[in-house]
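Peer 1: Take a look at this one; I'll ask things after.
Bear in mind these aren't lab numbers, they're just calculated from the coordinates by the rules spelled out. Just so we're clear, the structure is a prediction, and the values are computed from it rather than from any experiment. Here Cβ is always computed from backbone atoms with ideal geometry, including for glycine, and neighbour counts include all displayed protein chains.
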Amino acid sequence: MQEYLYRKYYSLFLKICMRYTDTLPDAEQCLNDGFFKIFTKTAQYGNKGSFEGWMKQVMVNTCLDKLKVGKSAKALHFVEINDHLPVQVHIHIANDAMQNLNFKEIMQSLHRLPETYRMVFNLNVFEGYSHKEIAKLLSIKEGTSCWYLNQAREMLKKELSKYQLKKK
Amino acid sequence: MNNNEFDKRIADIVAGEDIPFNEDNWAAMQHMLGKKGPRKLLLLPFLLNPYSAAAAVFLIIITSVYFLVNQPVESANDIVTTHQPAVEHIPVDELPDTASYNITPLVNATPKQKVKKRVAEVEQPVIAAHITTEDSSMPVKKTVVAQEPKPHKADKQLRDYFPVSDDEDARHNKLVFGINSGVALYESNNSFTAGLLVKNRINEKLSVQVGLSFVQGRQNISSRRVDVAEHMAWVNTDTGMVPGLATTVTERYEEYSRNLPYIQFNPSVSVKIFRKLYGAVGADVQRLIINKTTLDTMNKHLGEAGRKVPQTDAGITLNMGYNITKNIGFGISYRSSLAGVATGKVQYVKRNYFLVQLQYLFNAE
């Protein structure tokens, strides 16, 4: 059963880990740590929601724990943003350019983002957490989460547009 | 494209990618789930603690220094090889009147067989004579290193998804500082070295390392001396006994034990062979830190035996190392001196030896 689950969710969960960690060995370690929790703490799944959703949550929490443990407090320091958000520069990225993007380019661009920005972006865009949930999880204000997300998105667009320029 | 569309597009592309399964990760998972794995060394928990590991290395250094510095300076012994005179020595006053005999030329005097004997201690200044002993291989205990599992095919592709960002560049180029100590083992000679090292990782495979160390080298040094003496003697010829000249050639091998302090500068390039095993090649410059007068006295005496101790000795080193933990490394290196002929037939004393090393890196990743 364990092997079945491991093989079935290997790709999905490794992608999650790869988004949060900086290196492949770290991602693989996170993956196994997460699966270890899943296999040994299955009893904690209280039939609330889907089992896959619970496993995914365990995996994300494992990655977040590793980031908090493995990095200095400075690296995870979120600058609280006031309600009056600074003016943002929006970077335009063409639709056709988005069509040509691939997984490798996205992952590389994602890893060029600062850890805090990447974390908020991951939680919101890939995990589907609301700003309220992110704020609670990371002990920051909702506005801060929102600001980090927008900044991360703009940075990501900037990084992705570099690939498009290279292709041209 | 608005933000929502952008986010959705990104999420879709990522969701659509399938990562091939890696059996190695499943094997690691099984290991985590309680399958029996390789036994950890009992010492490992101790070594994993940075403070206790640093203390252990420091203790080894102090013990080695104490051991070497407190070794008594051995007396010099002479091994003498003597060419006996052609005939039995007869005191000059007992010789018959030379006017009535022909004098045999010196070339006709034939030496008898060599007689080697070891004589008692000869009192001479310890710094009197030096000849380095020749190299010989020492038996090195082989360390069996478990071969790293080959990386999964997918791993190479997956690694591409982690770009070498500026941060990662900075991390790779981060300087690592450490302490290094070692004991040179070579026949009856031994040396102790301790110092600092700085390591800079260029890429995943290559690193540049620079070491600055103090070396206390105990060398057993021997010097060959030849004395030729002539004296009158009776010589057997076809016409009977005639007085002639006989020569006595005495070869003396003076052996001394001497502690010489050096400062060592050792830049090298290391290549990672496996995850924990690496090889290194580099230069090794050692400079004597004794005053010039002492060195000159040594060399003046050694010059008679055709030997000379250089103030600065350049050489090359070859090293094989193994990282026991991320902070502690063990290595064996061979040092070969490049010193050649000083002037004429005077040979430089060479410092060639095997060195067993232990190093501790303070800020290893």
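Peer 1: Ranked from highest to lowest mean number of other Cβ atoms within 10 Å per residue, what is the order of the peptides A:111-124, B:275-288, A:128-141?
Peer 2: Ranked by mean Cβ neighbours within 10 Å, highest first: A:111-124, B:275-288, A:128-141.
Peer 1: Under the rule of at least 5 residues apart or a separate chain, name every residue whose amide H is placed under 5 Å from the amide H of B:A342.
Peer 2: For B:A342, whose amide H was placed from the backbone, the distant partners under 5 Å are B:Q347, B:Y348.
Peer 1: Within 10 Å of each Cβ in A:107-113, how many Cβ atoms from other chains are there, averaged over the peptide?
Peer 2: Per-residue shielding by partner chains comes out at 5.
Peer 1: Give me B:D7, B:D12 sorted ascending by neighbouring Cβ count inside 10 Å, so fewest comes first.
Peer 2: B:D12, B:D7
Peer 1: Can I ask one more? Can you pull the mean other chain C-beta count within 10 Å for peptide A:14-20?
Peer 2: Mean inter-chain Cβ contacts per residue within 10 Å come to 3.
Peer 1: Could you give each residue of segment B:315-331 its phi-based ³J(HN,Hα) in whole Hz, using Karplus coefficients 6.51, -1.76, 1.60 with θ = phi - 60°, and x for Gly or Pro?
Peer 2: x, 10, 10, 10, 9, 10, x, 9, 7, 5, 10, 5, 9, 10, x, 10, x
Peer 1: Give the span of segment B:229-354's Cα atoms along each principal axis, as three whole-Å numbers ordered largest to smallest.
Peer 2: In descending order, the Cα extents are 85, 37, 25 Å.
Peer 1: Using a ≥ b ≥ c from the Cα gyration tensor of segment A:2-70 (square roots of the eigenvalues), is it rounded, prolate or oblate, where a/c under 1.5 gives rounded and otherwise the larger of a/b and b/c decides, a/b for prolate? List each step's numbers first, then the result.
Peer 2: Values: a/c = 1.94, a/b = 1.48, b/c = 1.31.
Note, shape of segment A:2-70 comes out prolate.
Peer 1: Here's a follow-up. A 25 angstrom limit on the alpha carbon distance is what I want to check against. Which of B:K272/B:K350; A:K15/A:K41; B:K292/B:K350; A:K15/A:K158; A:K104/A:K132; A:K15/B:K272 exceed it?
Peer 2: Working: B:K272/B:K350 30 Å; A:K15/A:K41 22 Å; B:K292/B:K350 19 Å; A:K15/A:K158 22 Å; A:K104/A:K132 30 Å; A:K15/B:K272 29 Å.
Too far apart for the 25 Å limit: B:K272/B:K350; A:K104/A:K132; A:K15/B:K272.
Peer 1: What is the ratio of the Cα radius of gyration of segment A:95-167 to 2.2 N^0.38 Å, with N the residue count, to two decimals?
Peer 2: In units of the globular-protein estimate, segment A:95-167 measures up at 1.17.
Peer 1: I'd like the distance separating the alpha-carbon centroids of segment B:1-15 and segment A:28-43, in whole Å.
Peer 2: So the separation of the two Cα centres works out to 29 Å.
Peer 1: Roughly how crowded by other chains is peptide B:25-32, in terms of the mean Cβ count from those chains within 10 Å of each of its Cβ atoms?
Peer 2: 5
Peer 1: Roughly what would the spin-label model give for B:L212 and A:F103, points 7 Å off Cα along C-beta, in nm?
Peer 2: Output for this residue pair reads 5.0 nm.
Peer 1: Still on this structure, I have one more. Once amide H atoms are placed 1.01 Å from N in the peptide plane, what residues at a sequence separation of 5 or more from B:L245, or on another chain, have their amide H within under 5 Å of its amide H?
Peer 2: B:T104, B:A233
Peer 1: Tabulate in residue order the Karplus-calculated ³J(HN,Hα) for segment B:179-184, using 6.51 cos²θ - 1.76 cosθ + 1.60 with θ = phi - 60°, rounded to whole Hz; enter x for Gly and Pro.
Peer 2: Karplus values, whole Hz, x for Gly and Pro: 10, 9, 9, x, 10, 8.
Peer 1: Provide the packing ranking of B:177-184, B:339-346, B:27-34, i.e. peptides ordered by the mean count of other C-beta atoms within 10 Å per residue, highest first. Before the final figure, lay out the partial values.
Peer 2: Values: B:177-184: 21.1, B:339-346: 11.6, B:27-34: 14.6.
Sorting B:177-184, B:339-346, B:27-34 by mean packing, highest first, produces B:177-184, B:27-34, B:339-346.
Peer 1: If you don't mind, there's one more thing I want to ask. Short version: ³J(HN,Hα) in whole Hz for each residue of segment B:270-282, in order, from phi by Karplus 6.51 cos²θ - 1.76 cosθ + 1.60 (θ = phi - 60°), x for Gly and Pro, what are they?
Peer 2: Going residue by residue, I get 10, 10, 6, 8, 10, 4, 10, 10, 9, x, 9, 9, x Hz, with x marking Gly and Pro.
Peer 1: Calculated FRET efficiency, A:D65 and B:K345, Cβ-Cβ r, R0 56 Å, to nearest 0.05?
Peer 2: 0.20
Peer 1: Give, in nm to one decimal, the length gained when the segment between B:D227 and B:L196 is fully stretched (0.36 nm per residue of separation minus the Cα-Cα distance).
Peer 2: Stretched out fully, the B:D227 to B:L196 stretch lengthens by 6.4 nm.
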